[in-house]
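Everything below concerns the one structure shown next.
The values are calculated or read from the model by the stated rules, or taken from the named source; none is laboratory data. Small disclaimer: the values here were computed from a predicted structure and weren't measured. Positions of Cβ are backbone-derived with ideal geometry, glycine not excepted, and every protein chain shown enters the neighbour counts. Only protein heavy atoms, including side chains, enter the accessible area calculation; ligands, DNA and RNA are left aside. Shrake-Rupley method; radii C 1.70, N 1.55, O 1.52, S 1.80 Å.
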Amino acid sequence: MKTFLLPLATAASLSLSLLHGADSAGYFDLGQFTPPKSGGTFVEVNLKGNLLSMAAKIAAKEEPEAAELIRSIESIRINVIGLDDANRAEIKGRVDSVRTGLNAAGWERVVTVQEDGNDVGVYTKTKDADSISGVVVTVLSQDGEAVFVNVVGDIKPERLAELGEHLHLDPLKAVKKAAKEDAAETKK
Amino acid sequence: MGVLMLVPLTLAVMVWSALHTGRDATALRLAAARASDVRWERTVEFSAGSWLFSLARFGLGFAPIDPDARLALRSVERAEVAVFEPKPGASAPLNRAAILTETDAVMTRRGWERLVGVVDSEQTVAVYVPSRIGRDQQLDACILVVNPDNLIVVSARTDLNPLLELIGRRDRRGLLALGH
């Protein structure tokens, strides 16, 4: 009996982690966010596991390419937080903290934009020469909003622009070129 | 005598359950009401379980309705709706930030997780799905909308198979229309 317990427990914990993506290399814990007390914007989306599979099946009927892209994704987390006087410093600190954590965990910063009051950082976790296991996007926009995104999966760099279009994230469109250059460097 | 009592009792239970939402939707509504700092009163509340939908599908089987409408009806297995308004005089501003915190705590304990949360100057919207979604084609969802005028909870279970068939039918018709 005991000989079965360890592999069974291991298989169960592995399948649980696969369902939730938390232990996937491309997952990064962005932490918890609370709505601004002033009533500013707060949006949070958490898509994962079998829900994404269902979305892929629905999309397959009309957009087979979009369905294939969805199937390559394990989880998507999006947070949009409006900035006010009460939370601006804290959220800016969170952006810095996330970026520091990503650097320490070996993520590569592939896009940096600091202009016109916008501060954008896009990080990727490379799986191999042909795919990315995770993308994190952090944005402090001049419109007074902070955006945090983590996409986990087995994503081809050339599909990141398409993913950016579906998620309405312009910074992702710039990743395609940067990731290809990085993959070419890795092959050398 | 016992059997005779059973019929009206069963009917009473069916009527009562049709006029009240299930436990998860009720827990969501109570958590939102508690966190909102507003006293609410019921405007509408009803629950249509699988038996009622089965009855509707059976009855409408004899009616000349659009095949797509029939398919759409097949995709819904149960639905519950509750609509509340602030009690007269209960005009305190909504504590929007606290609503999600409270409803998340309650729904997490009941085995649900939040799929979407939106808070802005007008309202709070949250969509909850079960933490463990099976590989079959059924999907449960609890939806909360809170604004100064209403507190609305909708809970539904859908079967994706008829929905996918409906989408497939509409897609083919679209191609036919393009051909003309």
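Compactness of the range A:123-167 was expressed as the Cα radius of gyration divided by 2.2 N^0.38 Å, which yields 1.27. Count Lys and Arg as plus one, Asp and Glu as minus one, and take only other residues whose Cβ is under 14 Å from that of B:Ala126; the net charge is then -2.
With r defined as the distance between the Cβ atoms of A:Arg88 and B:Asn147 and R0 fixed at 25 Å, what FRET efficiency is calculated, to the nearest 0.05?
Details: r = 26 Å, r/R0 = 1.05.
Step by step, r from the Cβ atoms, then E = 0.45.
Calculated FRET efficiency, B:Phe46 to A:Asn46, Cβ-Cβ distance, R0 = 25 Å: about 0.25 to the nearest 0.05.
Here the extension length gained between B:Thr26 and B:Ala56 equals 8.3 nm, from 0.36 nm per residue of separation less the Cα-Cα distance. Placing B:Leu139, B:Leu4, B:Leu11, B:Leu71 in order of accessible area, with the largest value first and a 1.4 Å probe, yields B:Leu4, B:Leu11, B:Leu139, B:Leu71.
What you get for the range B:22-147, charging only the Cβ of Lys and Arg (+1) and of Asp and Glu (-1), is a dipole of about 360 debye around the Cα centre. Note on exposure: A:Lys92, A:Lys127 ranked by accessible area (1.4 Å probe, complete protein assembly) read A:Lys127, A:Lys92, with the most exposed listed first. Per-residue surface analysis assigns A:Thr112 an accessible area of about 80 Å², computed on protein heavy atoms at 1.4 Å probe radius. The mean number of Cβ atoms from other chains found within 10 Å of a Cβ in peptide A:36-44 is 6, as a whole number.
Using 1/(1 + (r/R0)^6) with R0 = 30 angstrom and r between the beta carbons of A:Lys37 and A:Leu167, what's the FRET efficiency to the nearest 0.05?
Step by step, r from the Cβ atoms, then E = 0.65.
Estimated at the nearest 10 Å², the accessible area of A:Ile132 is 10 Å² with a 1.4 Å probe. Mean per-residue shielding of peptide B:115-124 is 6, counting Cβ atoms of other chains within 10 Å of each Cβ. Computed from the alpha carbon positions, the gyration tensor of the range A:47-142 leads to an equivalent ellipsoid with semi-axes of 30, 18, 13 Å, biggest first.
Each label was represented as a point 7 Å from its Cα along the Cα-to-Cβ direction; for B:Val7 and B:Arg34 these points are 4.3 nm apart.
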